[in-house]
1. Applying the selection to segment 50-65, what residues are part of a loop (DSSP other than H, G, I, E, B) and either free of Cβ contacts under 8 Å to residues at least 40 places away in the same chain or loosely packed, with under 13 Cβ neighbours inside 10 Å (or both)?
2. Within segment 80-103, can you find the residues that are surrounded by fewer than 16 Cβ atoms within 10 Å (Cβ to Cβ) and among the β-branched types (Val, Ile, Thr)?
3. Within segment 456-514, can you find the residues that are among the small types (Gly, Ala, Ser) and touching a His at 6+ places or on another chain (Cβ under 7 Å)?
4. Quick one: which strands (runs of 3 or more DSSP E) lie wholly within segment 1-49 and hold at least 2 residues that are among the aromatic types (Phe, Trp, Tyr)?
5. Taking segment 395-436 as the search range and keeping residues that are of a type in the set (S, T, N, Q) and part of a loop (DSSP other than H, G, I, E, B), which one is farthest from the chain's Cα centre (by Cα)?
6. Which residues, counting only those in segment 524-538, are within 15 Å of the ligand (Cβ to nearest atom) and of a type outside the set (Asp, Glu)?
7. Asp357 passes all but one of (1) in a loop (DSSP other than H, G, I, E, B); (2) under 22 Å from the mean Cα position of the chain (by Cα); which number fails?
8. Assess whether Glu68 counts as being in a helix (DSSP H, G or I), without any contact (Cβ under 8 Å) to a residue 40 or more places away in the chain and surrounded by 15 or more Cβ atoms within 10 Å (Cβ to Cβ).
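The values are calculated or read from the model by the stated rules, or taken from the named source; none is laboratory data. Because the structure is predicted, anything quoted here is derived from the model rather than measured. Note that we place each Cβ from the backbone using ideal geometry, even for glycine, and neighbour counts take in every protein chain shown.
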Amino acid sequence: MLAELQKSPSLYATTKDNVVVLARMSADAQRLVVCAALAEGKSFEAEFNEASLTALKPADFGWDRFFEELQGSFNSGRVSSTSGAFVEITSSNGSKFQFSLEQTSEDIQRVILNSLLNYHHIHTHSKEIEKQLEEAGKQEQEVRMQAADLEREEVSLKESIARNKEQEDVNQRRLAELNGQLAAAEDKKRKSGAADVEEEDEELTTCRCRIPLGEKDCKDVDAELLKLVKGRWTDGATEADSIYNSVARPYTSSELTAQTSSFSSAQRQAIWQALEKIDDWDYDVFNVQSQMSGDDNASLAIQANGGSLLVTGFALMFRHGLMQKFKIDERILLNWLTVVEAGYHGNPYHNSMHAADVLHITHYILSKGGLAKKCKLTDEDMFGALFAAIIHDYDHPGINNSFHVKTQTYLATLYNDRSVLENRHVSSVFELMKLSKFNVLSAFTDDQRRDIRDTVIEMVLSTDMGLHAKIVNQFKRRLQENHDFTKKDDIRLALSMAVKMADISNCGRPEHIYLKWSGKIADEFYMQGDRERNLGLPCSPFMDRSQPAMAKGQIAFMNYIVVPLFECISEFLPDMHFSVDHTEQNKAYWNKNDDS
Ligand code: CMP
């Protein structure tokens, strides 16, 4: 009824007995008001709600018909009233209905006159009213847009709260674990003799950073899986009792044939198959991570038996014969790989899977890309390059250098705003290595250690994007000078370019791999944006989840950073040129899928 009432205009009629009748909607738009005024000044009025109208309307009239008939009767003079106390309507088919009114002291003539004046005003000022309506429409549109923005913001804040809650749970669990370890250590200290305590304290004080494995030396690695990994490149042809085989004695070739024709577990089989691609551009760390730990996201916080970084790192050390050549203690290598893997946070993007990915691409550039051959790399250079890729984002907190500098975090002050995170990545790992169980360089001579450390420091510090233009320009100058790139400085510069390329190589990978990485970096960017918003700071570009601009951001990043770097490297290593084509294909994806 209300919908029809509210559509209906105010109606006027003068009956043949000279009674002026008005029917209109009440001020609160809920009832029909009928008034009548007699010539001698008497006034009558009544209000009708849905129930009272239902009682008087002909039963076969719907509300639309009822109001239509009401309007028709007023317009064609089919309204009658003698005393004003009753107003009778005759509808088009002759049926009648009657409104009964009560006398009122209100001057209905005046009400009717005002109503008529108002009616006249609407008609004579319709342009003005249309304009007002248009304005009101615009205002309504704006308010609706603001409401939609607020709704979006509410969703993102809720998501952010949920994520913070999850992170808090992880932190709480970690805190409980650390407290447990602390209590156990104190207990042990109380119980053991003073001499033992002194010895242990001495070792503990040599490492002034968090030890991600706590009391453990190593994750619970699967020795059978390691044997398979080794078997892929040695076919049993290694010294079985050497220190580099101290955990996983390699299978003889007949054992390997037996193992690979009937795998002892589906997981081992899947890793064996995944490693078939380790020399190819489409090796997939997401697959390796999922096979090792169950998925490629939540598992990163736990990885009880190690994840993709352990598998890829271990495989490549063996693949390049580095464990064999340098007689690295396998136990220490596994301790080091798993402690470094555990020291990566469970960030959406800067996690141990990203390290595994950068490690694999660095390996690709060195081998199939041709860098090792072109620069005549030594085994120490190769080891340093893989080492640098493995640790290059160690302990990354998921917020970038600029956030550290603008909020003056402890690390920003410690490193004087210069390459804050990159300094942190290298120094924490070398600090960990002061514990002999993690010192993967213990088998090397002092000169080799110095050389590898310098290579690692230079490579990891070069991944600071704040230094990108400087390093690329330096490389271009050397290329133009036609250097043969076999001198130490040039080798380190070329290796830095390699790890820099690997660091942003996700943009040049096959589309299904690239889209996973770009989704993950967007998640991490938005989390930083949330933190900036929470601190009352403006969100950094492309980090505001309420204003998504993935396509724009990705295309710009590829145009200004990725393609120029890949082209520059391809000039030096022509076998890498295909990466530019892959990047162009990924760019085309965003041209077709603009989200802004
Ligand atoms: P970082 O790992 O510190 O150094 C390389 C930077 O490149 C990385 O941080 C990101 O800021 C940026 N980066 C890498 N991949 C992408 C991508 N797909 N889209 C946007 N930025 C990226």
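1. As a first pass, look at segment 50-65 and keep what is part of a loop (DSSP other than H, G, I, E, B): 57-62.
Of everything in segment 50-65, those that are part of a loop (DSSP other than H, G, I, E, B) and either free of Cβ contacts under 8 Å to residues at least 40 places away in the same chain or loosely packed, with under 13 Cβ neighbours inside 10 Å (or both) turn out to be Pro58, Ala59, Asp60, Phe61, Gly62.
2. Within segment 80-103, Thr82 is the sole residue that qualifies.
3. Residues of segment 456-514 among the small types (Gly, Ala, Ser): 462, 466, 469, 494, 496, 498, 502, 505, 508.
Hit for segment 456-514 is Gly508, nothing else.
4. On the way: elements: 11-14, 20-25, 32-37, 43-48.
Hits in segment 1-49: 43-48.
5. The extreme case among them is Asn416.
6. Phe525, Tyr526, Met527, Gln528, Gly529
7. Failing condition for Asp357: (1).
8. Against the criterion (in a helix (DSSP H, G or I), without any contact (Cβ under 8 Å) to a residue 40 or more places away in the chain and surrounded by 15 or more Cβ atoms within 10 Å (Cβ to Cβ)), Glu68 qualifies.
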